[in-house]
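Below is one structure, written out as structure tokens; comments come after it.
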Amino acid sequence: MNCLFCKIVAGEIPSTKVYEDETVLAFRDINPMTPTHILVIPKMHIPSVDGVTAENSAVVAHIFEVIPTIAAAEKLVNGYRVVSNCGADAGQTVQHLHFHILGGRELTLEMA
Ligand code: 5GP
Ligand code: ZN
């Protein structure tokens, strides 16, 4: 499949990994918007939030279990934001479900 994040999962494109297990991968965003900017993705290809179903939602739940672990490891003790852009109006550019972890400074509502 010609998907950038599937290629990162497969190791065909390098990434700076911060967390990995059987079903989830997290790596640093190549163009960070905040001092800490991490993408958390399911290893399975799900195109966006619109592609979450009863059959695959366990991996999304697992992502949200992993996020606090990553945030703690990154020392985001003052808080952080989790964002998932879904579709054109949200500016989704990679069609593989991903959750941005944004932190390391006080955030405005620019992402909204
Ligand atoms: P979206 O705009 O779809 O919500 O987020 C896609 C994100 O993927 C962007 O923040 C962009 O910087 C990041 N990105 C795009 N290509 C690459 C890449 O090859 N490697 C990494 N690490 N991040 C990427
Ligand atoms: Zn994919």
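Any read-out appearing in this document is the output of simple, stated calculations on the displayed coordinates, not a laboratory observation. Here the structure is a predicted model, which means the values were calculated and not measured. Glycine also receives a Cβ, built like all others from the backbone with ideal geometry; neighbour counts cover every protein chain displayed.
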Within the range 88-106, is there a residue that is more than 9 Å from ligand 1 (Cβ to nearest atom), out of contact with any His (no Cβ under 9 Å at 6 or more places or on another chain) and β-branched (Val, Ile, Thr)?
-> no
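Need at least 1 residues that are of a type in the set (Asp, Glu) per element, so show me which strands (runs of 3 or more DSSP E) inside the chain make the cut, counting only ones lying wholly within it. Talk me through it step by step, then tell me what you get.
Details: elements: 17-20, 24-28, 36-42, 80-83, 99-103.
Filter on the chain gives 17-20.
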Those residues of the range 16-71 which are within 15 Å of ligand 1 (Cβ to nearest atom), surrounded by fewer than 17 Cβ atoms within 10 Å (Cβ to Cβ), in contact (Cβ under 8 Å) with a residue 40 or more places away in the chain and hydroxyl-bearing (Ser, Thr, Tyr), in sequence order | TYR19
Go through (1) more than 23 Å from GLY79 (Cβ to Cβ); (2) more than 13 Å from the chain's Cα centre (by Cα) and name the single condition ASN31 misses.
-> (1)
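Evaluate the range 74-85: report whether one residue or more is of a type outside the set (Val, Ile, Thr), within 16 Å of ligand 2 (Cβ to nearest atom) and surrounded by 12 or more Cβ atoms within 10 Å (Cβ to Cβ). Lay out the reasoning, then the answer.
At the first step, the residues of the range 74-85 found to be of a type outside the set (Val, Ile, Thr) are 74-76, 78-81, 84-85.
The next check asks that each one be within 16 Å of ligand 2 (Cβ to nearest atom); those that pass are 84-85.
This time we only want the ones that are surrounded by 12 or more Cβ atoms within 10 Å (Cβ to Cβ), so: 84-85.
Yes, the range 74-85 has at least one match.
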